Amino acid sequence: MTMCATVLAVLDGAMLVCDCCTGRQVLVHTQGTRCFRPGDRARIRYRGCAAGNPPPQVSAIEVCRICR
């Protein structure tokens, strides 16, 4: 599955994002967080559906910055 999102916060090994389609916050587990900053747009590929307590959580297969 693919999600287009705005980065809200960058953590160690994860990013909190806002899904552009649903407006929901999602915690994305990924090792590729160093090059992202709050406000960046990202395309996130992940397997399966979001799971966990709010906010939902996904494990990213690939995260790419989207140019503004």
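Other residues within the sphere of radius under 9 Å centred on the Cβ of residue 65, judged by their own Cβ, net out at +1 (K and R +1, D and E -1). Remark: the chain carries a charge dipole of roughly 200 debye about the Cα centre, counting +1 on each Lys and Arg Cβ and -1 on each Asp and Glu Cβ.
Other residues whose C-beta falls under 15 angstrom from the C-beta of residue 18 contribute a net charge of +2, scoring Lys and Arg +1 and Asp and Glu -1. How much net charge surrounds residue 3 when only other residues with a Cβ under 15 Å from its Cβ are counted (Lys, Arg +1; Asp, Glu -1)? For residues surrounding residue 3, the net value is +3. Is the shape of the chain rounded, prolate or oblate, going by the alpha carbon gyration tensor and its root eigenvalues a ≥ b ≥ c, with a/c under 1.5 for rounded and a/b larger than b/c for prolate? Here the chain falls in the rounded category.
In region 2-66, what percentage of the DSSP-assigned beta bridges are antiparallel, given to the nearest 5? So the antiparallel bridges in region 2-66 amount to around 90 percent.
Rule-based calculations on the coordinates, nothing more; no lab input. Please read these numbers as outputs of a predicted model, since none were measured by experiment. Virtual Cβ from ideal backbone geometry, glycine too; neighbours counted across all protein chains shown.
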